[in-house]
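The values are calculated or read from the model by the stated rules, or taken from the named source; none is laboratory data. Here the structure is a predicted model, which is why all the values come from computation and not from measurement. Every residue, glycine as well, gets a Cβ built from its backbone with ideal geometry; the counts of neighbours run over all protein chains shown. All accessible areas refer to the heavy atoms of the entire protein, side chains included, with ligands and DNA or RNA removed. Shrake-Rupley method; radii C 1.70, N 1.55, O 1.52, S 1.80 Å.
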Amino acid sequence: MSMTSLKFGTSGLRGLVSELIGLPAYSHVRAFCAMIREDDAAGPAGEVLIGRDLRSSSPLIAAQCAQAVSDAGLVPVDCGALPTPALALAAIQRRAPAIMVTGSHIPDDRNGLKFYRAAGEIDKADEGRILDWQARLALSSVPEATVATDTYEALAAYKARYLDFFGPSPLGGMVVGVYQHSSVGRDVICDVLAGLGATPVPLGRSEHFIPVDTEALRPEDEELARRWAGERALDAIVSTDGDADRPLVADENGRFLRGDLVGALTARFLGADAIVTPVTSNSALDRPGLFDKVVRTRVGSPYVIAGMEQARAEGATTIIGFEANGGVLLGSDIERDGCRLPALPTRDAMLPILATLALARQSGQALSAIAAEAHFAIALSNRLQEIPQDRTAALIARLDAEDPAFRDAAFASRGGVAARDRRDGLRLTLGNGATAHFRASGNAPELRVYVEAPTQEAAEALLAENLAFAAAQTR
C-alpha cells in the first residue's frame, strides 16, 4: 500500500474512494478495534458507534466498517447520517468509541474515516498505533458486509445541547438563510435555528455531493450568497462543510466572514480566557488585550486539542479552540445564566453559528458591523489542486534554504523576507509587513496559500501573485 493516496492528515484518514473501499477501510477499522480492545476502551457491551455523511460512497463504507467491528468481536451501532460533532457527543455520552465515515469537504471521489475514543478524537500517537496494528494483523481479504447492526438516534441529544444552553428565543426575529447543499447538518441547523426563535430560510439544497471547503470557497458559492442576500431580507446566511464540523457564516450582504473571525466572535460571546488556534489564523488575534492567553499550533484538530490541554495545565478555565477554516472546539465546560454547556473537544459548526448570531442579536448590530469592529488584517487563502506533497515540500525547502537568493528574489517587490515561521509549512513575514504562507494540505494533494495584507486590494494581489508563483514552481 506504499503508493496509496490514503493517509492520516489534519483530521482523520483520507484518500480516493477507489483506494479506501473494501480491504483498506476494513483493515483500518479492524486495527482501530484492536487498539481499543488492547486498551479495554470499548463502550458498554463492547459498543462502537458508526456515523456517515451524505457522499455517495459513505453507506457502503459504513457497512464495511460495521462488518469490521463485528469481526473484531465488538458491537457495531449504526447512528446513520449525522454531523460529525453529533456522533462525537454521542460517543462521550455513551462512553463508547466511534467511527465517522466522511471526507469532509473534499470531492465525492474521495472519502475518509475519523476515529474517536469515548473522550474525544484520537491523537497522533493513536494514529501510529492503528497503522502498527494494521501491519500486525496483515489482513488479506474482506468478507461481504452482511452483519446486522443495532441503531441509535443521536441527533436529539445534539439538538438539546444547544436548545437548552442558549435558552428561549435568543435569536427571536432573525431571518437566517441556510445554504443546505449536501451538508449532513442541513436539516439539523434549520431545526435548531427555529427552536431558538429564528426563521430559517432553506437555500440551495442538492441531492448530489458538493465539496464546499470553508477555507477555500468556490466562486459560485460566494456568488450564490451575494445573490440570495440581494433577493431576500436576511440577517445572515449560514452553512457548513460536508460533515458539519466547520461553519460558514455570511453577513446580511452575503459576504462570508473568515473562519478565524467566527471563532474569535464565538470566544468573545462565551467569555474565553484562552484561545488555541493554528498559525494560519489571523495575526490580529495576538493583539494585546484581546484574549488573556493565545496558544498557536500547527494546522489540524489533534494539534489544537493538544494546545487546549496545554492551556488548561497552565491555569486557563474557559478555553476555546478554533481554526482558520472555522471549526470550533470547546475545551472546557461553560456556565452561563444557570445553564451548562459541557466541553466538546472536536470541531463543531453549530456552536459558532449560534454564538455569532446570538452576539449580533444581543448587540443589536448587523454582522457586517461586528466584523468591521474586530479590525482583523485582510487575510485570504486558496489552494492549488493536484499538487503532490513532495512538490510542495520541495518548494518550501527551497524557500527556507539558508541561501536567501531565491527567497529574496521571489519577494523582491515586497521588500524581501524579514522573518520565517516553520511551525507548519513556511510562513514568511515580508519586508513590507505582509505575510505569505505555504503549506501542504493534510487531507488531499493540494498546496495551500495564505496571505495577509493591509487592504483587500493588496491581499487579493498578493494571493494571486503567490498562487501563480507556487504553480510555476510545482507544475
Check your understanding: Extension gain R205-A160, at 0.36 nm per residue separation less the Cα-Cα distance, in nm?
Key -> 13.8 nm
Exercise for review: State the volume of the convex hull built on the alpha-carbon positions of region 45-175, expressed per residue in Å³ and rounded to an integer.
Suggested key: 146
Review point. At a Förster radius of 25 Å, what calculated FRET efficiency corresponds to the Cβ-Cβ distance of V147 and R37, to the nearest 0.05?
Key: 0.90
Check your understanding: In whole percent, what relative contact order does region 1-150 give with Cα contacts below 8 Å and a gap of six or more residues?
Key -> 31
Check your understanding: Which loop-located trypsin sites (Lys or Arg not before Pro) does region 185-264 contain, where loop means any DSSP state but H, G, I, E or B and the Cβ has at most 16 other Cβ atoms within 10 Å?
Key -> R232, R255
Review point. Which whole-number percent is the relative contact order of the chain (Cα, under 8 Å, 6+ apart)?
Key: 13
Point to revise | Average projection area in nm² (convex hull over Cα atoms of region 1-82, one quarter of hull surface) | key: 5.8
Study note, to complete from the structure: Here the gain from full extension of R218 to D390, 0.36 nm per residue of separation minus their alpha-carbon distance, amounts to 59.4 nm
Revision key, fill the gap. Listed by chain and number, the lysines with an alpha carbon less than 25 angstrom from that of K114, same-chain partners under 8 positions apart left out, are K7, K124, K159
**Study point:** Extended-chain gain in nm, criterion 0.36 nm per residue less alpha-carbon gap, R475 and D123
**Key:** 123.4 nm
Revision key, fill the gap. To the nearest Å², the heavy-atom accessible area per residue of the chain with 1.4 Å probe amounts to 37
Review point. Hey, got a sec? Which GluC sites (Glu not before Pro) in region 140-238 land in a DSSP loop and have at most 13 other Cβ atoms within 10 Å?
Key: E144, E153, E207
Exercise for review: Report the FRET efficiency, 1/(1 + (r/R0)^6), for D187 and E402, where r is their Cβ-Cβ distance and R0 is 35 Å, rounded to 0.05.
Suggested key: 0.05
**Study point:** For region 318-389: span of alpha carbons on each principal axis (Å, largest first)
**Key:** 51, 30, 17
Exercise for review: Calculate the translational D of region 31-70 in whole µm² s⁻¹ from Stokes-Einstein, where the hydrodynamic radius comes from the Kirkwood formula applied to all Cα pairs, the temperature is 37 °C and the viscosity 0.692 mPa s.
Suggested key: 294
Point to revise | Two-decimal Rg to Rh for the chain - Kirkwood Rh, Cα set | key: 0.96
Revision key, fill the gap. The Rg/Rh figure for region 389-475, Cα atoms and Kirkwood Rh, to two decimals is 0.93
